[in-house]
Every structure is written in structure tokens, then in C-alpha cells.
1. Go through the residues of region 272-285 one by one and say whether even a single one is under 23 Å from the mean Cα position of the chain (by Cα) and within 30 Å of GLU104 (Cβ to Cβ).
2. Name every residue in region 51-82 that is buried (at least 17 other Cβ atoms within 10 Å of the Cβ) and either at positive phi or free of Cβ contacts under 8 Å to residues at least 24 places away in the same chain (or both), in order of residue number.
3. Look through region 146-191, keep the residues that are outside any loop (DSSP other than H, G, I, E, B) and hydroxyl-bearing (Ser, Thr, Tyr), and return whichever of them is farthest from VAL271 (Cα to Cα).
4. Is there a residue in region 256-266 that is farther than 18 Å from LEU180 by Cβ and either modelled with pLDDT of 95 or more or not assigned by TED's automatic domain parsing to the domain that holds LEU203 (or both)?
5. What's the number of the only condition in (1) farther than 30 Å from ALA192 by Cα; (2) surrounded by 20 or more Cβ atoms within 10 Å (Cβ to Cβ); (3) without any contact (Cβ under 8 Å) to a residue 60 or more places away in the chain; (4) not acidic (Asp, Glu) that TYR286 fails to meet?
6. Look through region 51-80, keep the residues that are polar (S, T, N, Q) and touching a helix residue (DSSP H, G or I) at 6+ places or on another chain (Cβ under 6 Å), and return whichever of them is farthest from VAL21 (Cα to Cα).
7. Could you grab me the full set of residues in region 201-216 that are modelled with pLDDT under 90 and surrounded by fewer than 17 Cβ atoms within 10 Å (Cβ to Cβ)?
8. Answer yes or no as to whether GLY108 is among the small types (Gly, Ala, Ser) and under 16 Å from the mean Cα position of the chain (by Cα).
Amino acid sequence: MAAMRIPHQQRPPAVPDLSTVWLRAFLEVARTGSFTVAARTLGWTQSAVSRQVASLESALGGGPLFDRLPRGVRLTEAGRTLVPYAETVADALHGAVRGLAALEELAGGRLRFGAFATVDAALVPQALGAFRTLHPAVRIEREEGLTPGLLDRLAAGHLDLAVVSTTVRTPLEAYDLHHLLDEPLYVAVPAAHPLAGADGVRLAQFADADWISGAARPEGTLLDAALREGFRPRVAHVVAEWTAKQGYVAAGLGVTLVPGLAAASVRPDVVLLPVRDDEAPARAVYAATVRGRSVSPAAGAFLAVLGEEAARLIRTMA
């Protein structure tokens, strides 16, 4: 018995690589019914329009798209079939151009950023308010977190920029750091504390105190300043929120470090004592972007607004 011949699976026809210039010339000739008028509208020569249409016809298989008449041209059946597809391509390209222009002009697009909790007390909301006034059409997506997590999100492409601090011991070589401000530090004590009237204190004066911190270990927190002073603070209570920390301080359960950006919201039964700069250097706050990665127009504009609002805050903290 002769072997049965199985036909090869039919392959779909190859799609030609069509030039948008060809389609533009084709649509203009189809609209005007004339190579001469199309050339005048496009600002080309008639021969240039003819060459583009001929190139399109060749790419599509060589059949004519227009019947050449004594006066003008008329679409062939192939030409009439092509028109809606060419219009779809042209509309999509025009839409892309409009979308890109909206991004550049900040008439659209989005801004994705993250920030650590302290800057959400003043810097970030003030910057967001100013940014909204300038660019109301930009969609904003905000995250709150700790600096290491924010930098991970930034590196993974989930954020356009992150407002971070240099308190944590995270390698920063992969990022461009845009300096915003340096925060002074304060020790928060109960109003009845013996040092409540002091103009300034050394952290070493609280070496035997109970501390309230956002983490059980001082490494990577504001209490890194105490480690630099040569003592390991005794963390008696782990409390994440600034308002809750103040409640613990007011109740006499310990003391805590407060950065300058959070100082304006301290309750009246808590006293803030400035930490001498030579004992605990100010904490630097930066807006971070990924080195070597393009910054979106919205992120670039927000960077500028952050810088302006940070300058205003520096004046109020001085």
C-alpha cells in the first residue's frame, strides 16, 4: 500500500513591513482623488507621492491601489479594502503622539512614589498639594514604607522615585540621591523630666534611660546615633507610630528620638530637647531615583516641587 501523503500545515501569509510614510501618502491620495493635490497638501513633490504609493503597492503584492484616470485617480477594490486598515494605523499613531505629548506637558500620565513615615508629616503632603495645583491631570500613586523596602520597590520598577533617609545601612551606590534637607534630632521627654528645661542635651545623658523605638534593635533606626555615642540604648517599648510614642513618653515610660520633620506635631505634655549636632549629626533626607534609568516627566516635576517645599521647611526649622 502506498504511503499516505499528509499535506504540510498551511502557514499564514507573511505580513509585509509597511512604512507609515507609504500609508500617509496613500490615505491623502485616497482622500483627495489626486496625486497632485495630495502632494500639495503634504508639501511633497508629485513624484515623491507617486513613489510612496508605488512602494506600498509593491509591498502588498504589486496590485494597483488606484486606477489612473484622465483626471485624477480612483481607488481599486484593493485600495478600498486597505483604506480602513490604513486609517486605523494612522489613528493609532496620532493617539500615540498625543499621549506622548500629554506626558511631556504633564497633561496626563502618572507619578508613582514612596516615602517613609516622618516625611508624610509635612514635606510630602505639602509637596503633593503644590504638585496637584500645578499638574491636576497627573494620576498619583503613593506608598508608605521603610527606606530599605522603598529602595527595593524603586529598583524593581514599581516606583518612579522614593523619599528616603540615610539612617539605614543600605547600600546606595545604585541610586541617584537628590538631597532635600538635613533633619535635626530631638530627645522627647515628659514635661516633668529633670532635663525638660535644658537648651540642648547629649545622647550620653540618657544612656541609662528606657527608650521607646520603632524597632527592638537600634541598628538602622534613629537610635544609630546612640551607637555612635558609644552606648547601646535599652529599648523598653517598641512602638511604630509617632503619636503613640508621644503617649508613652508623656506617661513616663521612657524617652524617644524625634526628627525635625515630626517636631511640629508634638503634644503639649511632651518636651523636645535639641540634640547637639556634634554628638548626633543631622539625618539626611533624599529623593532617590535609579541611576542610569530615565526619570519620567512627572517624576522630574515632582522632584522640583519636593526641593522647593524642602527649602520652605528648612526655613521653618531654622
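The values are calculated or read from the model by the stated rules, or taken from the named source; none is laboratory data. The shown structure was predicted, so the numbers you read here are calculated from the model rather than taken from an experiment. Note that each Cβ is placed from the backbone with ideal geometry, even for glycine, and that neighbours are counted across all protein chains shown.
1. yes
2. Residue satisfying the conditions is GLU57 alone.
3. Ranking the candidates gives TYR175 first.
4. Going residue by residue through region 256-266, those that are farther than 18 Å from LEU180 by Cβ are 256-258, 265-266.
After this cut, where a residue has to be either modelled with pLDDT of 95 or more or not assigned by TED's automatic domain parsing to the domain that holds LEU203 (or both) as well, the list is 256.
Yes - at least one qualifying residue is present in region 256-266.
5. Only one criterion is unmet by TYR286, namely (3).
6. Per the stated criteria, the residue is SER55.
7. First, the residues of region 201-216 that are modelled with pLDDT under 90: 214-215.
The answer is ALA215, and nothing else.
8. Working: among the small types (Gly, Ala, Ser): yes; under 16 Å from the mean Cα position of the chain (by Cα): yes.
When the stated conditions are applied, GLY108 passes them.
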